1. Quick one: among Asp63, Asp11, Asp121, which has the greatest mean-square fluctuation in a GNM of the chain with alpha-carbon springs under 10 angstrom?
2. Rank Pro293, Pro101, Pro342 by mean-square fluctuation in a GNM of the chain with C-alpha springs under 10 angstrom and give only the top-ranked residue.
3. With springs only between Cα atoms under 10 Å, which of Ala66, Ala219, Ala252 fluctuates most in a Gaussian network model of the chain?
4. Count the lysine pairs in the chain whose Cα atoms sit under 30 Å apart, keeping only pairs 8 or more residues apart in sequence or on different chains.
5. Starting from the Cα of Asp182, step 7 Å along the direction of its Cβ; do the same at Arg363; then give the gap between the two resulting points in nm.
6. Roughly how many percent of the accessible protein surface of the stretch 177-256 is carbon and sulfur, given a 1.4 Å probe and a whole-percent answer?
7. Counting only heavy atoms of protein chains, what accessible area per residue, in Å², does the stretch 306-374 have with a probe of 1.4 Å?
8. If you count only protein heavy atoms with a 1.4 Å probe, what accessible area per residue comes out for the stretch 150-303, rounded to a whole Å²?
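The values are calculated or read from the model by the stated rules, or taken from the named source; none is laboratory data. Because the structure is a prediction, the values reported are computed rather than measured. Note that we place each Cβ from the backbone using ideal geometry, even for glycine, and neighbour counts take in every protein chain shown. In case anyone asks, the SASA skips ligands and DNA or RNA and just uses the protein heavy atoms, side chains included. Shrake-Rupley method; radii C 1.70, N 1.55, O 1.52, S 1.80 Å.
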Amino acid sequence: MSSPVTARIADGVASIPAADWDACAGTDNPFVSHAFLSALEASGSVNADSGWQALPIVFDGADGRAAAIAPAYAKSHSQGEYVFDHSWADAWERAGGRYYPKLQLAVPFSPVPGPRLLLRDPAAGPALIAAVEAVTDQNALSSAHATFVAPDQLPVFEAAGWLMRAGTQFHWANHDYAGFEDFLGELASRKRKAIRRERAAAIDGLAIRHVCGADITEADWDAFWAFYQDTGSRKWGRPYLTRAFFSLLGEAMADRCLLIFAERDGRPIAGALNLIGADTLYGRYWGCTEEVPFLHFELCYYQAIDAAIARGLRTVEAGAQGEHKLARGYLPVTTWSAHYIPDPGFRRAIADFLEREREAVAREQDFLGELGPFRTSSSP
């Protein structure tokens, strides 16, 4: 008779051998790689003090290596998730409950769809979800949340009875374009002209530099850190990531990093960081030390399109939210999260809310889709 399969909670991502982790995570999505997640830990960006305590839930196979991993975190707040549940926390605590800590299956600070069940053994998904539920129940946690779940993993969460939540991002799709002008050729005339004007104005007097792999220097990371700090201090009060994270990222996975700088007289004044996946370019962070009209659009959206076309990538994901992306060829797509709520009454209330929210998201996406810049039969 075979031995029962049990799960364990590891002491952080770094405690698991990189080869074992990546055998479960695969190579398509850089954000779930051992290199990315362990850099968050080693840099001090993720720890109990920051409210993100890494507690991966692991199933070991018969060979003693990890067969399935949930990248789980004990969260003492709801910051850095981009799927907002502050109202849920408020309601639960007003009812006398304790919402935090909660369990989060996620990539910290990264609203990037991807696998939240890392499976060397594809059949282990249901058992891994059951282990996540057991950890939640046994520790009397209010809830468990898997945010930005890859669409192909949604059925596993749905089969386990988790509640589904819809959201919207704006992604650009590469229809085998030979270059940026091919893409522009699919837009309505007015939109084409507007983008050309924006691009010309943005780069007037500036040089654009793409740097990737071994060509990235510590001076480049220093420059980008200044940009990231500026954006982080304005948006969040303090940046989520430490300076050390970017050096570790460069050491571990420079070949998957693409920095795009705008320079004036050889001095960087703005920059954007992208990560390169198997078929997707992921825009992550941007910042500037000099305000230039349309430069944000140029570095984060148009240069990303140029880079994706040059690399033959199918998609550009330019981060969370942003209806301004619509006019620049980034169309609405649905993102999904899954939620385990043990308390029956709380679950019913959230289920009712999510049903109405999903309907509203669908209506909004239908409306936004009609506002896209692409030519129709009636447009020139």
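1. Asp63
2. Judging by the Gaussian network model, the answer is Pro293.
3. Ala219
4. Total qualifying Lys-Lys pairs in the chain comes to 7.
5. 4.0 nm
6. C and S atoms contribute 51 percent here.
7. 49 Å²
8. 43 Å²
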